[in-house]
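Visitor: Quick one: the structure is below, and I'll ask about it shortly.
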There are 2 protein chains.
Amino acid sequence: MAMPNVNFFEAGKADLTPKEKEIIARRERLLGPAYRLSYQHPLHIVRGEGVWLYDAGGKTYLDAYNNVPCVGHCHPHVIAALAKQASTLNVHTRYMHEAVLDYAEKLLATFPAELGHVMFTCSGSEANDLACRFAEVYTGGTGFIATELAYHGGTKVAAEISPSLGGFAKNAPHVRLIPAPDAYRAQGQDVGAVFAAHVQRAIQDMQAHGIRPAALIVDTIFASDGVFADPPGFLTQAAEVIRKAGGLFIADEVQAGFGRTGEQMWGFERHGLVPDIATMGKPMGAGYPMAGLAIKPEIVKGFSSQSRYFNTFGGTPVAAAVGLAVLEVIEREQLMENVSAVGHHLRQGLKKLAIKHPLIGDVRGAGLYIAAELVRDRKTLEPATAETERVVNSLREKRVLISSAGISSNILKIRPPLTFSKDNADLLLAKLDEALAAL
Amino acid sequence: MAMPNVNFFEAGKADLTPKEKEIIARRERLLGPAYRLSYQHPLHIVRGEGVWLYDAGGKTYLDAYNNVPCVGHCHPHVIAALAKQASTLNVHTRYMHEAVLDYAEKLLATFPAELGHVMFTCSGSEANDLACRFAEVYTGGTGFIATELAYHGGTKVAAEISPSLGGFAKNAPHVRLIPAPDAYRAQGQDVGAVFAAHVQRAIQDMQAHGIRPAALIVDTIFASDGVFADPPGFLTQAAEVIRKAGGLFIADEVQAGFGRTGEQMWGFERHGLVPDIATMGKPMGAGYPMAGLAIKPEIVKGFSSQSRYFNTFGGTPVAAAVGLAVLEVIEREQLMENVSAVGHHLRQGLKKLAIKHPLIGDVRGAGLYIAAELVRDRKTLEPATAETERVVNSLREKRVLISSAGISSNILKIRPPLTFSKDNADLLLAKLDEALAAL
């Protein structure tokens, strides 16, 4: 199963300038074939500010795709914190420093009290890798359950639970893949019960093969699977099932976390449960490479008596200063309130577009993690894969950046910076209306 | 086998101020037991500049330990590049940007032509994890050979080849651990031949257990094993042996790379060989979280046809700008020449101290990666473990920061920023003389 390809560059499909051809040739020569570009006509972006990106030709793009610069591109408060601390001190955590503690305290205060410790890494991949190691040591199990098109990162351990990357997950004997809780295609079924039943079957299959379950890991917004947020609470039964079998419930908050869903800071809160480990990444430093996990203290304890964990770049004074600045901006600019309001407005606008454009079969999501699923027939739900690719690329020509998701790459994925305004949403809706009309 | 503990804080051994007690209590409460502090009396560092660190009480410390700030703490050229690019644009590599290509070009130019591609990650752990995945896919093998006290990182894959972290490597059925090429304790034997013979035996043992070798991975300065640099060329036979068995030779340059050994940019060059993959980390961004690998193109090719690799924070315009600035400082300030000259001066000074202090059994290393092995008896070579701990902690009281290494924690490890001067070296030597005299 390959990763949805809709946004990746397919050579020859676009009219490239000599400069663009030169850059692409240099990329292939220097970086090799593992590097991909977005869009049929890749973008040559040189500057970012707020929700706007600017290309080398001076064109302006509305960014409704990038979640890493969560407080907007190049936010001055974050840059100031970064520059100040980087010119003062940037060392590892084996000396005492108060910044990491102030940050840890503020961050932990956003989690349920059961998650008593926080640990810092550089990337979400490292956070998920470490979470899996913790789960193995704590449970004595080796089996992991993930969803069919999940993405949890690029280390070997993370890739094995990331079927969206290709064959690694399918070939990992200790991993079981289950369908994501897709309420649109479930057509009235209780998705929480169905999802829990899949977890139960995966556990039984593991046990039949002599594998003890270590954890169920889910991206709490199911981003690459196709964005599934409703009904709230649908994860509760699955978490109970994995725990009954001796495994942990790991909430991967790399996509859903840091206020992205508006009503709550963390995606798992939407489902009224407390994970054993919550991992964080991408938006945590608004572009500065930092990630981490919040974890129940009893899980760290056993691990630390057997081994050590140290991360050179994790939790440095610079990472702490940047992370703190991001939390401050989310608070001061009331971004969660903005996300709720603009997210609602955008979903309403998409639902209006769905009346006009029967291709839009479903509009869903939470806060500013929004999906519009394109189908050729509202009864058969046949995926409109080619149309989705055309819409995403057409929006790029109209200078609005979004993406796609799902096994058939037929789901428009809208995931702008949290500072996205109603005006920004209206511009996106107008351009999407045009793109759909032109199909 | 536990990681050498000499530098870690043991509660109650030092007189702590109320503030220090408060910080330590907060660390334990917020970060949990996996976090450790250096020294019996941990340092509360608040500022860094060049080779100097400053504590909360205004005391100044000579930093002869930290290799991450390779161009000196808070180098203005690096900070300026960081601040400028961070306030302009900080996005992933799926848009075209020239900074990553300019950096890749400059970086690859420092490697032999066979290493034709460079790929970017956030941490050396991620780089080594990815290198191992490349080796598995390319060779079809799963077996890895590492040295007995190696450290290659903190992801699960990296931890399994990092026996210095504890039991993970010993318990990994696909990993074979071999003694590092220790010329001091080899007492006249050909360490290169002995090391190659160990590799050969490890391969045979793997094959006897049905395991196909994927790679031999070595830190080319053997930092945590005890710092082994001589005689130059001692890695050549081992590389031939692993290749004959179908495995790759991976040079982990996280410790030895970026001019640290003075005479050459990369540690493997000292041994006159070309690795299949060279991984980089810590000093690459002088504190900015970045790492990567240089790799033979044919190895990337097969991997990319099966799977993908993407790293959100790897190779961003900011990482590229910072990495480029670090290379520029190394060049402009002629740091490799400085490393050679000061490294030689410091080793000569240590050898003079060895005449006065019989505890110093051996002085070795390359450039500014220097070790002084402390032994109680120059014939039996009995490790002076307790003395080493006292010396390291006593130097901290004398405001000079070094560390220790080796299975018996009896090796002083000296690894200052590359800007370390002869005067800095003389200060270190004077304080070390005092510390040894006071034993």
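Only the coordinates and a few stated rules stand behind these numbers; no lab work does. Only a predicted model underlies this, so the values are computations on that prediction, with no experimental measurement involved. All Cβ positions, even for glycine, are placed from backbone atoms using ideal geometry, and neighbour counts span all protein chains on display.
Visitor: Among all the aspartates and glutamates, which ones have a C-alpha under 17 Å from B:K379's C-alpha, if same-chain residues fewer than 8 places away are not counted?
Guide: B:D182, B:D362
Visitor: Further question on the same structure: Using 1/(1 + (r/R0)^6) with R0 = 25 angstrom and r between the beta carbons of B:Q348 and B:R378, what's the FRET efficiency to the nearest 0.05?
Guide: On the way: r = 19 Å, r/R0 = 0.78.
Efficiency, rounded to the nearest 0.05: 0.80.
Visitor: Take peptide A:72-79, look around each residue's Cβ out to 10 angstrom, count Cβ atoms belonging to other protein chains, and average those counts.
Guide: Details: counts 0, 5, 6, 1, 1, 0, 3, 7.
Mean inter-chain Cβ contacts per residue within 10 Å come to 3.
Visitor: Just tell me how shielded B:41-54 is by partners: mean number of partner chain Cβ atoms within 10 Å of each residue's Cβ, no decimals.
Guide: Values: counts 0, 3, 5, 4, 7, 8, 4, 6, 3, 0, 0, 0, 3, 2.
Average neighbour count from other chains, rounded to a whole number: 3.
Visitor: Across chain A, what fraction of all alpha-carbon pairs, as a whole percent, falls in each successive 10 Å bin from zero upward?
Guide: Pair shares across the bins are 5, 21, 31, 27, 13, 2, 0.
Visitor: Over region A:76-332, one equal point on each Cα, no solvent: what is log10 I(q)/I(0) by the Debye formula at q = 0.07, 0.12, 0.15 Å⁻¹?
Guide: Taken in order of the listed q values, log10 I(q)/I(0) reads -0.23, -0.67, -1.03.
Visitor: Identify the trypsin sites (Lys or Arg not before Pro) of region A:157-191 meeting these criteria: DSSP loop state and at most 15 other C-beta atoms within 10 Å of the C-beta. Provide the component values of the computation, followed by the final result.
Guide: Numbers: sites: A:K170, A:R176, A:R185; in loops: A:K170.
Answer by residue number: A:K170.
Visitor: Taking a threshold of 29 Å on the Cα-Cα distance, which of the pairs A:K84/A:K296; B:K352/B:K398; A:K59/B:K84 fall above it?
Guide: Working: A:K84/A:K296 33 Å; B:K352/B:K398 20 Å; A:K59/B:K84 21 Å.
From A:K84/A:K296; B:K352/B:K398; A:K59/B:K84, over 29 Å: A:K84/A:K296.
Visitor: What share of all Cα pairs of region A:282-400, in percent, falls into each consecutive 10 Å distance bin?
Guide: Here the calculated profile for region A:282-400 is 11, 24, 24, 21, 16, 4, 0.
Visitor: Mind giving me the FRET efficiency for A:A186 and B:K84? R0 is 35 Å, r the Cβ-Cβ distance, nearest 0.05 is fine.
Guide: Working: r = 50 Å, r/R0 = 1.44.
Approximately 0.10, to the nearest 0.05.
Visitor: Something else now. With a 4.7 Å Cβ cut-off, tell me which Cys residues in chain B come up empty for a partner.
Guide: If one checks each Cβ against the other cysteines of chain B, B:C70, B:C74, B:C132 turn up with nothing under 4.7 Å.
Visitor: Right, something else. Using a Gaussian network model of chain A whose springs link C-alpha atoms within less than 10 Å, name the residue from A:P317, A:P179, A:P416 with the highest mean-square fluctuation.
Guide: Between A:P317, A:P179, A:P416, it is A:P179 that shows the largest mean-square fluctuation.
Visitor: Per residue of B:280-288, how many C-beta atoms from partner chains lie within 10 Å of its own C-beta, taken as a mean?
Guide: 3
Visitor: Still on this structure, please answer the following. Taking just the alpha-carbon atoms of region A:148-202, what radius of gyration and Dmax come out, in angstrom?
Guide: Taking only Cα atoms of region A:148-202, I get Rg and Dmax of 12.6, 37 Å.
Visitor: Could you please state, rounded to a whole Å, how far the C-alpha centre of region B:374-439 is from the C-alpha centre of region A:391-420?
Guide: Centre-to-centre distance over Cα atoms comes out at 58 Å.
Visitor: Taking the DSSP beta bridges in region B:76-332 as the whole, what percent of them are antiparallel, to the nearest 5?
Guide: Expressed as a percentage, antiparallel bridges in region B:76-332 total about 35.
Visitor: When you take every Cα atom in region B:163-241, what is the radius of gyration, and what is Dmax, the widest Cα pair distance, in Å?
Guide: 12.9, 35
Visitor: With viscosity set to 1.567 mPa s and temperature to 4 °C, compute the Stokes-Einstein D of region A:241-345, Rh being the Kirkwood radius across alpha carbon pairs; µm²/s, no decimals. Walk me through the numbers on the way to the answer.
Guide: Values: Rh = 15.4 Å.
My calculation gives 84 µm²/s for D.
Visitor: Continuing with the same structure: Please report the spacing between the Cα centers of region B:128-180 and region A:252-311 in Å, no decimals.
Guide: The two parts, judged by their Cα centres, are 27 Å apart.
Visitor: Follow-up. Which percentage, to the nearest 5, of the DSSP beta bridges contained in the protein assembly as shown is antiparallel?
Guide: Values: 66 of 104 bridges.
Antiparallel bridges: around 65 percent, rounded to the nearest 5.
Visitor: Right, something else. I need the P(r) histogram for the protein assembly as shown: all alpha carbon pairs, bin width 10 Å from 0 out to the longest distance, whole percents.
Guide: 2, 13, 23, 26, 20, 10, 4, 1, 0, 0
Visitor: Can you show me the helix-derived [θ] at 222 nm for chain A, built from DSSP H runs with n ≥ 4 at -39,500 (n - 2.57) apiece and divided by the number of residues, rounded to the nearest 500. Numbers along the way, then the final one.
Guide: Working: 13 runs with 165 residues, N = 439.
Only helices count here, giving -12000 deg cm²/dmol.
Visitor: Based on the Cβ-Cβ distance from A:R29 to B:A438, what FRET efficiency comes out when R0 is 51 Å, to the nearest 0.05?
Guide: Values: r = 58 Å, r/R0 = 1.14.
Efficiency computed from Cβ-Cβ geometry: 0.30.
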